[in-house]
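Report on the following structure.
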Amino acid sequence: EAGVTQFPSHSVIEKGQTVTLRCDPISGHDNLYWYRRVMGKEIKFLLHFVKESKQDESGMPNNRFLAERTGGTYSTLKVQPAELEDSGVYFCASSQLGGVANTEAFFGQGTRLTVV
Amino acid sequence: EDQVTQSPEALRLQEGESSSLNCSYTVSGLRGLFWYRQDPGKGPEFLFTLYSAGEEKEKERLKATLTKKESFLHITAPKPEDSATYLCAVQARGGSYIPTFGRGTSLIVHP
């Protein structure tokens, strides 16, 4: 069974540019989560999809971040325009609907975003 | 506000040298406490969930315990392959289920 896959694994962009991160969850997992870890700090929740619907986006930093999950399959997280403080590792996780929220989630390997 | 503090930040052990990692938490009613292992360049891998004080769970050389204020991850006779960052997270009862993570303990086990 394929795990959670994230693309790209690394991205270096200039301040002001746009970057789109992609997450392919485990097939059949309706829950999809985005997290971010800024260097030296803890992992922070960004948002949660149930199928194609945003269940909770309270962790999104500001309106420069836009997440979508078309058709309830893969998800994208776009940062536009990117700022220096957006640098960090972005994780995606997925879980089956009905599982204990987040505890049985499987994480992707993360996308390391560096804004210069 | 929920808080999770992990200690030590880093730990170096010799192979076979048992030790414990600490996760202290402050939460308005604990729903669950979770331990994850994270290897370099990878995402967190779920290890355990603990729900109530006194609960213990084991997996190979790892044993997690829980009290009302903290959790310990005991590592017995560690091997180099146990080297990783160990993360703790808590979920509060009621309201948002969003977990609060600690910053992790980086464990290195020398052969």
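No value in this document is a laboratory result; all are computed from the given coordinates. Small disclaimer: the values here were computed from a predicted structure and weren't measured. Note that we place each Cβ from the backbone using ideal geometry, even for glycine, and neighbour counts take in every protein chain shown.
Side notes on the structure shown:
- Filtered by the rule that a residue be farther than 18 Å from A:F7 by Cβ, within 11 Å of the chain's Cα centre (by Cα) and assigned to a strand (DSSP E or B), the stretch A:45-81 gives A:F45, A:L47, A:H48.
- Residues of the stretch A:1-28 satisfying the condition of being part of a loop (DSSP other than H, G, I, E, B) and either surrounded by fewer than 18 Cβ atoms within 10 Å (Cβ to Cβ) or without any contact (Cβ under 8 Å) to a residue 60 or more places away in the chain (or both): A:E1, A:A2, A:G3, A:P8, A:S9, A:E14, A:K15, A:G16, A:Q17, A:T18, A:S27, A:G28
- Being more than 14 Å from chain B (Cβ to nearest Cβ), in contact with a strand residue (DSSP E or B) (Cβ under 6 Å, 6 or more places away or on another chain) and surrounded by 15 or more Cβ atoms within 10 Å (Cβ to Cβ) is a description that applies to A:L77.
- The single condition among (1) away from chain B (no Cβ under 14 Å); (2) of a type outside the set (K, R); (3) at negative phi; (4) without any contact (Cβ under 8 Å) to a residue 60 or more places away in the chain that A:L47 does not satisfy is (1).
- Any hit, the stretch B:35-52, residues being of a type in the set (F, W, Y), closer than 14 Å to B:V90 by Cβ and in contact with a Leu (Cβ under 6 Å, 6 or more places away or on another chain): yes
- Being charged (D, E, K, R) and in contact with a Gly (Cβ under 8 Å, 6 or more places away or on another chain) is a description that does not apply to B:K57.
- The residues of the stretch B:14-62 that are charged (D, E, K, R), within 10 Å of chain A (Cβ to nearest Cβ) and assigned to a loop (DSSP other than H, G, I, E, B), listed by number, are B:D39, B:K42.
- Within the stretch B:67-102, the set of residues being aromatic (F, W, Y) and within 11 Å of chain A (Cβ to nearest Cβ) comprises B:Y97, B:F101.
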